[in-house]
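Derivation of every value follows stated rules applied to the coordinates shown; laboratory data play no part. Since the model is a prediction, treat every value here as computed from it, not as a measurement. Backbone-built Cβ (ideal geometry, glycine too); neighbour counts: all protein chains shown.
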Amino acid sequence: MKIIELAPPAVQTELHDERHQPDIKNGRAMGMPIGDFTDEAWEGLVKGDDEIWVGAMVKSHGLGWEQQRQAAFKILNERLEAMMAAMKAS
């Protein structure tokens with residue numbers, strides 16, 4: 001089993017149409033064109049990426065935050081492993 005994280009931006013689909021979200025005017029024009037999204041997402045899938053961040057805004061904002069999260073998770077794991085080793089040794 002392989003888990004893949006796909007982080008999409010807003011994509012130009014019917015989800016933003018006034019029919020589904022009456023408070024949003026011209027919502028279908030909001031976000032990345034669906035063709036660009038699918039091309040970029042497919043490229044990541046074909047390469048075998050575990051994390052696929054699509055669109056410039058998602059990449060610039062999300063990747064910075066994700067790298068910080070992964071660094072913090074690594075530190076936490078290292079500390080837990082050290083604590084477990086210390087507990088086994090005593």
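Here are a few things to note about the model shown:
- Amide proton proximity set for Glu51, modelled H, under 5 Å, gap of 5+: Glu5
- Cross-link reach list, lysines versus Lys74, counting only Cα pairs under 27 Å and skipping chain neighbours closer than eight places: Lys2, Lys47, Lys59, Lys88
- FRET efficiency, Lys2 to Gln68 (Cβ-Cβ, R0 22 Å, nearest 0.05): 0.35
- Fully extended contour minus Cα-Cα distance, from Leu15 to Met87, at 0.36 nm per residue: 20.6 nm
- All distinct Cα pairs of the chain go into the 1/r average, and the inverse of that average, the Kirkwood radius, is 16.1 Å.
- Short-range pairs are left out: with C-alpha atoms under 8 Å and at least six residues apart, the relative contact order of the chain is 28 percent.
- A helix-only calculation puts the chain at -19000 deg cm²/dmol for mean residue ellipticity at 222 nm, using -39500 (n - 2.57) for each DSSP H run of at least four residues, averaged over all residues.
- For region 72-81, 3J(HN,Hα) per residue [Karplus equation, 6.51 cos²θ - 1.76 cosθ + 1.60, θ = phi - 60°, Hz, x = Gly/Pro]: 5, 5, 5, 4, 4, 4, 4, 5, 5, 5
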